[in-house]
Amino acid sequence: MSQTNTPLLDEVVQWSQETCRQELKSVLPKLTSLHFESESWDDHTRILKIIIDLFLPHIGLSELEDECFSKILPKAVTMFNSMMKEIMDQVGGLSSQNTELRALLRNILQGMIQLIDALSACVRHVGSFEEAPDLDAIRSLPTCILKVLRETFQHCKDSEVVYCGRLSLVADLLQGLFKEAYSLQKGLLELLERISLDSSASENIITEIVTVIHSLLDICSVISDLDMALHANTWKFLIKQSLKYQSLVEEHLHHGDIVNSLCDNLVASFHNSMELAEQIKQAGLEGSTQSPEYKLFQKTAKMCRFFANTLVHYIKEFKFFLTKYCSNFHHFYLQIISEFPPSLCAPVLPAALAGELSAAALVPMTAFLLQLLPLRRFAEVVLQPDLRLSPERELPQCLLLVSILGHLAGQPEEVQQLWYTGSQFSEDSPRLPLYQAIFISFRRCCTERKVPVLLPGVMLKGQAQVQVTLHHHICVQLCASVAVLPPAFFPVLERCLVDAVLQADTQTALLAEDVWCFTARYGSAELCLHHVHLIAQMVKACTTECYQLFHLGLLLKRMVFLMTPNHQMELVAHFPPSKVENLPVWQHVLLRALSQETYLHVQADIIGLTEKALNDWENGGYRLGQIDKVNAVLLSLLSVLRGQPSPGEQCVLSAVTVMTQLWSRMSPDQVHTYPVLQHTLHLLLSTTAFLVKNIEPQVIYQALLCLDAVVSKKCADHLLLAALEFLSSLGKIFIPPDTQGQILPRLSGLFKALLTDKSWLLHQHALEAFSYFAENTNHEEVISQSLSVEETKTKVVNYLSKTLNAREDAESRLLRLKQEAAVIEEHNKRQESKETVSNKQAAEAEVITNSEPCPKKARQETSTEEEYSRYIQTAQSALKALQALTERNEAPPPWLEDKLHELQTLIANIGSVRPTTS
């Protein structure tokens, strides 16, 4: 500053208030010019203080902006920034020994405090007017102050890093700087609160208020770790201003920045609360509610609740400007839910602390979700078919879907349409129906189902709320939803249930079956009949033993229980058990579900069909090509026997006759040669186990002979399981003395072999079967002979005494379950990707199997050599079967010799053919 200007400043400071008022018009322009031209911080601060202290009180509200603020405040911001830069440039040399630099930095900080104090004086002056100012009359004030505040708070936040161990040298001034800034912001916000804008506000004014809101948002990101009260109050004002001028600013606000910042602050507060809760838990201070740690935890949790409620309120007011951020909202919701039980990654906290955290973050998520339900984009994000989530987010996604389902009943029809139906048109973004999405999500929670995770159940009749499995929880919610489902969406529900039952994961299919059965019970009897007919048709359409048949058969078994007696008779009329093609239906019906009249009708038809099929098989020369029909009637016969606790005498006599006849025809060599006979043997073993008290000892001996020969060679696991069922049933009968020498050694030998099986599954079933036999039998010598090997004896004793192996720790068990879940899901996907046999291929397979049945497989492209091999194997099998027939003591038909000559001629012709070469 030139020396010629110094006398003016020296003179002005001596003036009275009246003189300043009188000389305002002539002196203020000179002072503002000097202020603008000043280069040193001291001169700048001195002039600024003179203007504000002496002349500002005499400037009218209408003249403040043009005469003063617009001329001095931008320069004040520039000088403040230069002070900050000087500190950053010099602070590296700060030390207790460098007194000169220390004094310099302290002087700069003191100057910054004085500058902020001068800005506070400006705010106080504007606030002293009775009338609320127009924003246009002070437009430079909030903009410049917010810039200074932002830099000040950032410097205070970074002070530990900036001053790097030398903070104590300036700590008092930094504390004063923060207090002055805190006070300045409080005054500014109070001033802005008094200002009102109407719909006629100019674009410039709207821009100013938007700038203020965005500047406050920027400040919020800085002060989040400085002071909780300041942070919360700044956010309150920001949201309040956004809503106050909603119609003016909603198209200009950075909505994404605001909601993302709210989400980030909520998550940060939540994690801080979680860390404090962990510290309180480790220190054992759960009951010390007056401890500093506990009070800090409560304050942090309160901030978490504040941000959650603020977020919900903001979304409520601006939801249609937030559709592009629905993916963020989705991931945010999953993140919060994953932090609480039953999520496997949620920490275990004391009940009181967990309750406060739940009230702060989890409870507001319901309101958060309700605001998002009407948004189509949110539905598209949540219900997208190819949604890929980390394992930790699968359960939260499932719980999100179930929560949405629970809230839909009270929503408008268009919202229900959005969620229930899925995408309707090709131009729509792909969107699953909500029910289908729930079943898919439940399937992906394989690990959580195995642990199992537990959720609060429904309180019934005043009874205490209990913890239930995920399956139970979702089933209750689904059934409750079905009970209030509008009729228009019922076809969607039916399609989703069918899809869920027909997929590979058994527990997901069981969940769908539970809901389906509820639907049938809750609906009309006619609806139940319609569904049973539909399921029975699908059962008939399953041409092979597959997982779909297992799921559908179980569903059919359950649904028949829900039918009226008249409708059960209609089912019999629609699928007569007297026809072989309908047996697949009745094989999956538990006949005790039928009324007595219906049961007797079905029993008579199946027994009659069984006897006829066996007679036809016998009259046809026991051709293996007909054994499929025999197996079908045997399976139905077994269903009849199991259909009532005590089958009728005539039914038992007929079944015993059938068993006796079939055991006499079983050949172990043929069982190994022809896989179809393994199914026959399986059925014989299961049926004989049921009828064991009515079977003659000689028949049991024949069965043991056959079984011994089969078990001694490698055979299918399902056959061994049936063998164990049969062997365990022998404990219920007494073997006559004249046959004990034949039967008991075979029996103990079979137990000994099966108890040493290497498969854990078979070994477990063998232990169960042997234990049952041992508990019931009178032939104790079988027990001792079966346990002649010490290792086997030890395993049986450990099983009977319920001795546990080494316990698996929780972490290892969880890791194992996750690995198993991945393997199971991969298996399910392979099952679903297998090709089914077409009708044409099935017909071709039936032609080939007239003489020797073989498994029906999907047809593949084969080489010429593979075709030769396949037909040769078929011919060999047929000739072996023919040879087995000729070895009996029965006379062959007279035409056999002529047919054999024809075959010899055909074989000779085939052998003489030579391929032509081109």
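The values are calculated or read from the model by the stated rules, or taken from the named source; none is laboratory data. What you see is a predicted model, and the numbers here were worked out from it, not measured in a lab. Don't worry about glycine lacking a Cβ; one is built from the backbone with ideal geometry, like all the others, and counts go over all protein chains shown.
Among the numbered criteria (1) part of a loop (DSSP other than H, G, I, E, B); (2) over 18 Å from the mean Cα position of the chain (by Cα); (3) of a type in the set (S, T, N, Q), which single criterion is violated by Ser481?
Of the numbered conditions (1) part of a loop (DSSP other than H, G, I, E, B); (2) over 18 Å from the mean Cα position of the chain (by Cα); (3) of a type in the set (S, T, N, Q), the odd one out for Ser481 is (1).
For region 689-725, which residues satisfy the criterion of being under 23 Å from Leu641 (Cβ atoms) and touching a Gly at 6+ places or on another chain (Cβ under 8 Å)?
Once the filter is applied, which keeps residues that are under 23 Å from Leu641 (Cβ atoms) and touching a Gly at 6+ places or on another chain (Cβ under 8 Å), region 689-725 yields nothing.
Across region 489-538, what is the total count of residues that are among the small types (Gly, Ala, Ser), free of Cβ contacts under 8 Å to residues at least 12 places away in the same chain and assigned to a helix (DSSP H, G or I)?
Going through region 489-538 one residue at a time, the tally reaches 0.
Of the conditions (1) part of a helix (DSSP H, G or I); (2) touching a residue at least 12 places away in the same chain (Cβ under 8 Å); (3) over 50 Å from the mean Cα position of the chain (by Cα), Ile735 fails just one. Which one is it?
(1)
Looking at region 690-700, is at least one residue buried (at least 17 other Cβ atoms within 10 Å of the Cβ), in contact with a Lys or Arg (Cβ under 8 Å, 6 or more places away or on another chain) and at negative phi?
yes
If the requirement is being under 30 Å from Ser441 (Cα atoms) and more than 33 Å from the chain's Cα centre (by Cα), which of these qualifies: Thr543, Thr519?
Every option except Thr543 fails the conditions.
Residues in region 688-706: is at least one in contact with a His (Cβ under 7 Å, 6 or more places away or on another chain) and not basic (Lys, Arg)?
No, region 688-706 contains no residue that is in contact with a His (Cβ under 7 Å, 6 or more places away or on another chain) and not basic (Lys, Arg).
Any residue that is out of contact with any helix residue (DSSP H, G or I) (no Cβ under 7 Å at 6 or more places or on another chain), modelled with pLDDT of 90 or more and either outside the structural domain of Val170 (by TED's automatic domain parsing) or not aromatic (Phe, Trp, Tyr) (or both) - is there at least one of those in region 26-41?
no
Restricted to region 165-186, and to residues that are outside any helix (DSSP H, G or I) and in contact (Cβ under 8 Å) with a residue 40 or more places away in the chain, which residue is farthest from Gln97 (Cα to Cα)?
For region 165-186, the residue satisfying everything is Val170.
Restricting attention to region 576-598, which residues are under 40 Å from the mean Cα position of the chain (by Cα), surrounded by 15 or more Cβ atoms within 10 Å (Cβ to Cβ) and not aliphatic (A, V, I, L, M)?
Answer for region 576-598, where residues must be under 40 Å from the mean Cα position of the chain (by Cα), surrounded by 15 or more Cβ atoms within 10 Å (Cβ to Cβ) and not aliphatic (A, V, I, L, M): Asn582, Pro584, Trp586, Gln587, His588.
Test of understanding: among Gly643, Gly620, Gly608, which residue is farther than 30 Å from His533 by Cα and not acidic (Asp, Glu)?
On inspection, the qualifying residue turns out to be Gly620.
Consider region 754-799. How many of its residues are surrounded by 16 or more Cβ atoms within 10 Å (Cβ to Cβ) and under 21 Å from Leu705 (Cβ atoms)?
12
Being more than 26 Å from Leu879 (Cα to Cα) and among the hydrophobic types (A, V, I, L, M, F, W, C) is true for just one of Val671, Val710, Val676, Val658. Which residue is that?
Criteria check complete, one pass: Val658.
Is there a residue being of a type in the set (A, V, I, L, M, F, W, C) and more than 27 Å from Leu815 (Cβ to Cβ) anywhere in region 445-458?
Within region 445-458 (the criterion being of a type in the set (A, V, I, L, M, F, W, C) and more than 27 Å from Leu815 (Cβ to Cβ)), the answer is yes, since at least one residue qualifies.
Taking the options Gln626, Gln661, name whichever one is assigned to a helix (DSSP H, G or I) and either free of Cβ contacts under 8 Å to residues at least 40 places away in the same chain or buried (at least 19 other Cβ atoms within 10 Å of the Cβ) (or both).
Exactly one residue qualifies, and that residue is Gln626.
One line per residue, one yes/no per condition, for (1) farther than 10 Å from Val589 by Cβ; (2) touching a Ser or Thr at 6+ places or on another chain (Cβ under 7 Å); (3) buried (at least 16 other Cβ atoms within 10 Å of the Cβ); (4) of a type in the set (A, V, I, L, M):
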position	(1), (2), (3), (4)
Met538	yes, no, yes, yes
Tyr547	yes, no, yes, no
Phe550	yes, no, no, no
Leu555	yes, no, yes, yes
Val560	no, no, yes, yes
His567	yes, no, yes, no
Ala573	yes, no, no, yes
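Check whether at least one residue in region 66-82 is free of Cβ contacts under 8 Å to residues at least 40 places away in the same chain and surrounded by fewer than 17 Cβ atoms within 10 Å (Cβ to Cβ), and report yes or no.
yes
Name the one entry in Leu230, Leu266 that is outside the structural domain of Met365 (by TED's automatic domain parsing) and crowded, with 16+ Cβ neighbours inside 10 Å.
It is Leu230.
Within region 801-825, how many residues are surrounded by 10 or more Cβ atoms within 10 Å (Cβ to Cβ) and either assigned to a helix (DSSP H, G or I) or at positive phi (or both)?
Residues in region 801-825 being surrounded by 10 or more Cβ atoms within 10 Å (Cβ to Cβ) and either assigned to a helix (DSSP H, G or I) or at positive phi (or both): 14 in total.
Report every pair of residues separated by at least 6 positions or lying on different chains whose Cβ atoms are under 6 Å apart, first residue within region 316-328 and farther than 12 Å from Asn260 by Cα, second among the hydrophobic types (A, V, I, L, M, F, W, C).
Within 6 Å, the pairs are Glu317/Leu243; Thr323/Leu375.
Considering only residues that are hydroxyl-bearing (Ser, Thr, Tyr) and closer than 20 Å to Phe340 by Cα, look in region 385-436 and name the one that is modelled with the lowest pLDDT.
Ser390
Just give me the residues in region 776-831 being under 32 Å from the mean Cα position of the chain (by Cα) and among the charged types (D, E, K, R), in sequence order.
Residues satisfying the conditions are Arg807, Glu808, Asp809, Glu811, Arg813, Arg816, Lys818, Glu820, Glu825, Glu826, Lys829, Arg830.
Pull up region 198-224, narrow it to residues that are among the acidic types (Asp, Glu) and over 15 Å from Arg139 (Cα atoms), then point me to the one that is nearest to the chain's Cα centre (by Cα).
Looking at the filtered set, the residue picked out is Asp218.
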